[in-house]
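Comments concern the structure below.
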Amino acid sequence: MTAKRQIQAELDRRGLASFMNRTRWDALRKAVAEELPFPPPYQLQDVTAPRQALWESDEVDFHGDWSDESLEPVLGIEWLRVVPRWRKHVGMRVAPEIVDCSDQFRDLLVRLRLPWREDGRGFWIYGYAPADPATLTWDGEKPT
């Protein structure tokens, strides 16, 4: 079975609807690279991959890889959890600085009109989700 057919079979089995396409993923990658002060770290869940555990902490000490190849194949992305902050090392005896670009990232999502929601664990961008758009945030509405 081809990857595309395997993805479609899983979408049908779970009743998921598509909310993103290649154009929207590419627009997001480009905006992150050009507009944010650093590439925020993210977790990616593929439709056909086993469920993964979320990071223990929402403060990480690394950047995300937003290169063209990093999110491929975009056809299989169920969701992307973005944590737009990181612990910047300052010195051995100094606490790390928390660098946060959440407001800029939120503005970017609203401007691009992407399907997203925000909670205490980060920003969730959905490639596929249950066919209930009321659970997503659109056009700057308050998250549900």
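Here the stretch 1-46 is the region considered, the condition is being more than 22 Å from residue 85 (Cβ to Cβ), not polar (S, T, N, Q) and not in a helix (DSSP H, G or I), and the residue that is farthest from the chain's Cα centre (by Cα) is 1.
Only residues that are among the small types (Gly, Ala, Ser) and buried (at least 17 other Cβ atoms within 10 Å of the Cβ) were counted across the stretch 65-103, and they come to 1.
Working carefully through the options 109, 54, find the one that is of a type in the set (A, V, I, L, M, F, W, C), part of a helix (DSSP H, G or I) and under 24 Å from residue 16 (Cβ atoms).
Within the list 109, 54, the selection yields 109.
For every residue, the table says whether it meets (1) over 19 Å from residue 129 (Cβ atoms); (2) of a type in the set (Phe, Trp, Tyr).
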position: 13; (1), (2): no, no
position: 17; (1), (2): no, no
position: 26; (1), (2): yes, no
position: 31; (1), (2): yes, no
position: 45; (1), (2): no, no
position: 70; (1), (2): yes, no
position: 86; (1), (2): yes, yes
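Scoring residue 54 on the criteria (1) in contact with a Lys or Arg (Cβ under 9 Å, 6 or more places away or on another chain); (2) within 14 Å of residue 125 (Cα to Cα); (3) in contact (Cβ under 8 Å) with a residue 40 or more places away in the chain leaves a single failure, condition (2). Residues considered: 79, 86. Of these, the only one that is assigned to a strand (DSSP E or B), more than 19 Å from residue 7 (Cα to Cα) and aromatic (Phe, Trp, Tyr) is 86.
Looking only at the stretch 32-57, residues that are closer than 20 Å to residue 110 by Cα, in contact with a helix residue (DSSP H, G or I) (Cβ under 8 Å, 6 or more places away or on another chain) and surrounded by fewer than 18 Cβ atoms within 10 Å (Cβ to Cβ) come to 3 in all.
Any read-out appearing in this document is the output of simple, stated calculations on the displayed coordinates, not a laboratory observation. This structure is a prediction, so every number in the text was calculated from the model and none was measured. Glycine gets a Cβ as well: all are built from the backbone with ideal geometry, and neighbour counts include every protein chain shown.
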